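The values are calculated or read from the model by the stated rules, or taken from the named source; none is laboratory data. Quick caveat: nothing in here was measured; it's all calculated off a predicted structure. FYI the Cβ positions are ideal-geometry reconstructions off the backbone, even for glycines, and counts take in every protein chain you see. SASA here: full protein model, heavy atoms, side chains in, ligands and nucleic acids out. Shrake-Rupley method; radii C 1.70, N 1.55, O 1.52, S 1.80 Å.
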Amino acid sequence: MANIPVGARGEQKILVTTDVAINFLGLEGARVLSTPNMIRFMEWTCRDTVQPMLDDGYDTGGTHINVAHLAAAPIGMAGTFRAEVLSVTDRRIQFRVEAWDEKEKIGEGTHERAMINVAKFATRLAEKMK
């Protein structure tokens with residue numbers, strides 16, 4: 001398996017656009033980064049943090065997430081997502097995650113990912129579909 005050091009960190013920056021914003025409040029000026037998209041960017045930041053450290057043919061899949069959406073990030077504002085490896089146990093990787101806009105922290109929590117052999121995973125899914 002991979003050698004993933006505790007303390008490894010990653011960061012991703014995005015621009016909040018209409019593609020990742022809510023649209024159900026009925027007022028254009030009230031559109032902000034949606035909670036599902038905040039979580040998606042947190043997960044991708046975690047994945048991208050450890051992906052270069054994994055053996056060939058391996059990737060990670062999310063298994064648990066526990067986050068709070070603390071503040072709204074409006075359309076047009078930059079968002080920064082940070083991940084830090086807290087622990088690695090067997091195939092499980094625990095992360096601390098944070099999200100910031102240009103003014104304040106907008107989200108924080110923890111996320112767990114499992115290292116997976118992609119070929120074996122695909123075989124198991126094919127069997128499940130039978």
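Tell me the mean residue ellipticity at 222 nm calculated for the chain from its helices only (DSSP H runs of n ≥ 4, each -39500 (n - 2.57), averaged over every residue, nearest 500). Show your work: numbers first, answer last.
Working: 2 runs with 27 residues, N = 130.
Computed ellipticity for the chain at 222 nm equals -6500 deg cm²/dmol.
If you roll a 1.4 Å probe over the heavy atoms of the protein chains, what accessible area per residue do you get for the chain, in Å²?
Each residue of the chain exposes 59 Å² on average to a 1.4 Å probe.
Treating the beta-carbon of each Lys and Arg as +1 and of each Asp and Glu as -1, no other charges, what is the dipole magnitude of the stretch 55-130 about its Cα centre, to the nearest 20 debye? All intermediate terms of the calculation are to be shown ahead of the outcome.
Working: 11 positive and 12 negative charges, 80 e Å.
Once rounded to the nearest 20, the dipole reads 380 debye.
Testing the spin-label approximation: label points 7 Å from Cα along Cα→Cβ at THR35 and ARG124. State their distance in nm.
Result: 2.9 nm between the two label points.
Heavy atoms only, probe 1.4 Å: what % of the accessible area of the chain goes to carbon and sulfur, would you let me know?
The C+S portion of the solvent-accessible surface of the chain is 52 percent.
With a point put 7 Å past each Cα toward its Cβ, work out how far LEU15 is from ARG91 in nm, to one decimal.
4.0 nm
Excluding residues fewer than 8 places away in the same chain, name every one of the lysines whose C-alpha is closer than 28 Å to that of LYS130.
Cα-Cα hits under 28 Å: LYS120.
What does the accessible area of ASP48 come to, in Å² to the nearest 10, when a probe of 1.4 Å is used?
Using a 1.4 Å probe on the heavy atoms, I get roughly 80 Å².
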